Each structure stands twice: as structure tokens, then as C-alpha cells.
1. Along the charge dipole of segment 278-413, which of H412, S306, Y371 sits closest to the positive end, that is, farthest toward it, with unit charges on the beta carbon of Lys, Arg, Asp and Glu (+1, +1, -1, -1)?
2. Using the structure shown, list the pairs from K118/K385; K129/K249; K351/K389; K230/K400 with a Cα-Cα distance above 21 Å, or answer none.
3. Report the gain in length on full extension from T237 to L258: 0.36 nm times residue separation, minus Cα-Cα distance, nm rounded to one decimal.
4. Suppose the chain between R382 and K137 were pulled fully straight at 0.36 nm per residue; how much longer would it get relative to their current alpha carbon spacing?
5. Apply 1/(1 + (r/R0)^6) to the Cβ-Cβ distance of Y105 and Q286, taking R0 = 25 Å, and write down the FRET efficiency to the nearest 0.05.
6. Of A342, T399, N320, whose Cα points farthest to the positive end of the dipole of segment 315-434 (charges on the beta-carbon: +1 Lys, Arg; -1 Asp, Glu; origin at the Cα centre)?
7. Quick check: pseudo-label points 7 Å beyond the Cα along Cα→Cβ at K129 and Q303, how many nm apart are they?
8. Based on the mean of other Cβ atoms within 10 Å per residue, sort peptides 377-389, 61-73 so the most packed one is first.
Amino acid sequence: MYSMVDSYNGMGQLGPEYGSKNSLMDNTELDHVTKVIAYHPRYLEHYLNTQNFVMHCDGPLPFEYRSYIAIMAAARHKCTYLVNLYEKEFLMHGGDRNWLNGLDYIPAKLRAISDINKILAHRPWLLNKEHIERLTKGQNSWSLSEVVHAIVLLAHFHSLSSFVFSCGLTQELDTSSQRIENNNVVPQKTETEHNHHHHHHLYQNGQEAIKPPPQTIVEVSVDALMQRMKKLSENNTECTEMELSNRFKHVEMQAAELPAVVQREPSLEQPQQIGHYVDDPNFTYQDFARRGAENIPQTFRIQDYSWDDHGYSLVNRLYNDVGFYLDDKFRLAYNLTYYTIAGRTNVDTSKFRRAIWNYIQCMYGIRYDDYDYGEVNQLLDRALKMFIKTACCFPERITKTDYDSVLVELQHSEKVHVNLMILEARNQAELLYALREIMRYMT
């Protein structure tokens with residue numbers, strides 16, 4: 001069996017004992033997901049540091065609240081794997097077993113967060129300062145710091161649910177044997193190892209990757225993608241502000257019309273196991289661009305409220321130091337590159353990565369004014385867009401087949417990289433909406 005310990009030997013920042021005695025990994029159950037993230041050791045370190053900080057270090061919320069909020073967040077996306085994991089952690093922290101009977105058994109104060117959980121998970125643009133205000137008033141009131149801690153946890157576990165499904169993990173998680181099978185793994189040099197000469201072989205079992213069924217949607221080949229990136233880098237024509245705005249709207253409307261993946265295989269899980277953690281189960285993602293009826297404020301413009309200029313300092317002020325952790329993690333996910341793609345080296349993939357990030361946030365109605373959204377349509381084909389949309393909005397529909405049939409030329413670790421960007425861009429989108437409303441509430 002693949003051992004986590006072996007794969008870390010000889011690496012700078014993670015000692016050989018990592019995974020056995022290290023305090024960050026006291027929750028060894030998380031191994032499945034962590035092993036997959038471990039394709040990207042530098043990211044993994046920030047990810048584990050952040051998760052450890054929000055779950056186990058000093059903070060406004062008591063420990064049993066933290067685990068329970070993780071359960072509530074994962075349940076919105078039917079992510080049984082994470083729900084089970086945090087039920088165990090909840091009991092480990094001495095939580096009241098009765099709470100695990102569902103939302104009707106928890107304190108009124110904790111119950112009060114379920115509205116924000118629901119909105120952030122599916123339609124974050126509907127959040128407004130009144131939601132925040134309601135929590136901070138009355139007899140079971142929340143402090144603003146507690147609200148921020150809860151929101152950081154909700155966004156973390158919503159987006160982690162996206163990751164678990166988008167890697168096709170739910171079907172592979174065979175908890176009895178703690179084993180994960182990956183058929184098409186190519187060992188990849190990691191960023192930290194450029195100067196060394198050893199690969200680490202992450203789970204190879206020598207089987208041929210199973211070929212996906214032929215699809216009607218033809219994927220853009222990696223070579224074509226590289227040519228397009230090159231062309232875009234050389235193209236210096238300036239667009240008018242009007243034209244840029246129209247391109248954003250065009251991509252946003254296209255995203256709204258794009259169908260999410262249809263569930264092919266009947267769902268393997270019995271959602272009733274976790275239905276008791278979910279209220280209003282019919283409340284799901286609704287396309288941002290079709291939001292006429294709900295009379296939503298217009299596009300969220302990054303120059304009005306951005307993570308760098310506003311969100312980061314606010315979250316740090318209200319929940320000591322968490323901003324540092326989140327900022328490192330966002331930055332790393334956004335900038336992570338090995339200058340390789342599908343076995344080709346010295347490739348600048350920044351255009352492709354930026355298109356993915358901005359497309360994800362576009363589905364949540366967030367616009368970067370200086371970005372030409374025309375690049376999204378140049379670089380992301382329909383199959384990839386459908387995958388991204390489903391991973392963000394309906395992650396529970398994604399199966400291993402979907403994972404295998406998208407980006408077929410990419411190495412497994414590169415697909416995981418795309419999924420990490422989905423995780424972080426989504427996480428940041430939720431936080432931007434929430435923190436903007438907290439700021440409005442405070443002023």
C-alpha cells in the first residue's frame with residue numbers, strides 16, 4: 001500500500017515523520033483528501049496550516065461549534081465523506097452526541113447560522129447585512145468575531161466539498177481499507193524539487209488508464225491551447241472599457257446557459273443519512289445572470305471590494321491572524337506553477353490559470369475590470385467549463401467518469417491543480433460577498 005511517509009522523504013519543509021506524529025495530522029482520517037492534495041506539497045503545507053488554525057487553534061468559536069459548522073457546510077453539498085469525518089471530530093472534542101441527530105437538536109445560537117450557510121453555499125450574492133445583523137442581536141447573539149470565524153469555516157468546507165467531488169474521490173473512498181486507487185498517475189517533479197533529482201512516485205499501480213467513452217464535445221488539444229496562450233500574450237490591442245464590460249457580460253450569460261453535468265450513475269449515497277443537517281434542501285445554485293426576479297445588485301466589481309485591499313485586513317482584524325493564512329493559501333493556489341503542462345516543459349501557463357480563476361468567480365457575478373474575458377472563451381473549452389460549473393455549483397453530481405473525461409491529456413497532478421484552483425477561487429468568492437456585507441454592517 002502507498003505510504004504517505006515515504007513520499008515525503010528528502011523534502012525540505014516536510015520531515016519524514018510527517019503524517020505520523022505531526023500535530024497537523026492528528027486527524028489522520030483526512031488522509032484520502034490530503035494524499036491527493038499532496039501532489040502539491042507547497043500548497044498542502046498552507047492548506048494544512050490554515051485548516052489547523054481555524055479548527056484547532058485559538059479563535060472565537062468553541063471546538064464543538066467548529067466541527068459542527070463543518071458538518072453543516074459539507075451537508076449542503078451532500079458530501080457524506082466530510083460529514084462523517086467531522087462527526088467523529090465533533091465527538092472527539094467532547095461534543096454532545098444528541099446534536100448529531102440534526103438541526104432540531106442543536107442550540108438556538110448555532111441553528112441561527114444555517115441561513116447564512118445555505119446562502120453562502122448556493123447563492124452568495126443574496127447575502128446582505130441584515131443576515132449579519134440578525135445574528136448579532138437578541139439573547140443568543142453572536143459576536144462579530146464569531147460570525148467571521150463561522151463564515152471562514154463555511155466557505156472552507158463548501159469549497160472543500162467541491163474538491164472532494166471534483167477529484168472523483170467520493171466513489172474511490174473505500175474507508176474500510178483506507179485505499180485510494182489512481183490509474184493514470186505520472187510522477188511529477190514538484191516545485192520545491194527543481195534542484196533535486198528525485199521524483200516521488202505517488203501511487204502508481206501500473207494499470208492503463210481507462211479510456212473515457214467517446215464524447216460529442218471535442219476537447220481543445222494541449223498544443224492548440226499553448227498556441228492560443230502564446231497568441232494572447234503577443235496580442236497588445238487595447239479594448240475599450242465598454243468592450244471589456246460587454247465581454248464579461250457575454251461570458252457571464254454563456255455560463256448561465258451552460259448546463260451542469262447530469263448525474264449519470266444513480267447516486268450511491270442515501271442522502272437521508274445527512275438530510276437532518278440540511279434545511280430547505282431545494283435551495284440550490286441559481287444562475288447569477290438569470291437573477292432578474294430576485295432583484296439583485298449588479299455585478300460585484302473587484303475594484304470596489306477586493307480581497308487584497310479590503311477583505312484581507314477586515315478578516316484579520318476580526319479574527320486574529322486568519323487573514324495571513326488565507327492570503328498565503330489564495331496566493332499559492334493562484335500562482336502555483338511548474339512551467340509544465342502535459343509533459344511539455346518551460347510553458348507559461350499563467351493565462352490558462354487566470355482564465356480558470358476568473359471564470360469561476362464570474363459564475364458568482366464577480367468581475368475584474370482589467371481582465372479581458374474574451375480570453376476565457378479562447379482558453380477554456382465547453383467540456384472544461386461544464387466541469388468547472390458543476391464542481392462549483394453542483395459538486396455532488398460529479399463522478400469519476402467526469403473527472404476522467406475532462407482535460408484528458410493532463411497528468412493526474414495537473415487535474416488536481418485545476419481542482420485546487422476551483423476550491424480556492426470559490427472559497428474567495430464566498431468570503432468576498434460575506435466580508436463586504438460585514439463591512440456594510442459595521443459602517
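1. Ranked along the dipole, the leading option is H412.
2. Pairs exceeding 21 Å: K118/K385; K129/K249; K230/K400.
3. Details: separation 21, 0.36 × 21 = 7.56 nm, distance 2.92 nm.
That works out to 4.6 nm of additional length.
4. Here the segment from R382 to K137 would lengthen by 83.6 nm.
5. Rounded to the nearest 0.05, the efficiency is 0.25.
6. Selected residue: T399.
7. Result for the modelled spin labels: 2.4 nm.
8. Top to bottom by mean Cβ count within 10 Å: 61-73, 377-389.
The values are calculated or read from the model by the stated rules, or taken from the named source; none is laboratory data. Note that the coordinates shown come from a computational prediction; the quantities given were computed from them, not determined experimentally. Methodologically, a virtual Cβ is constructed for each residue, glycine included, from the backbone with ideal geometry; neighbour enumeration extends over all protein chains shown. Heavy atoms of the whole protein, side chains included, go into the accessibility calculation; ligands, DNA and RNA do not. Shrake-Rupley method; radii C 1.70, N 1.55, O 1.52, S 1.80 Å.
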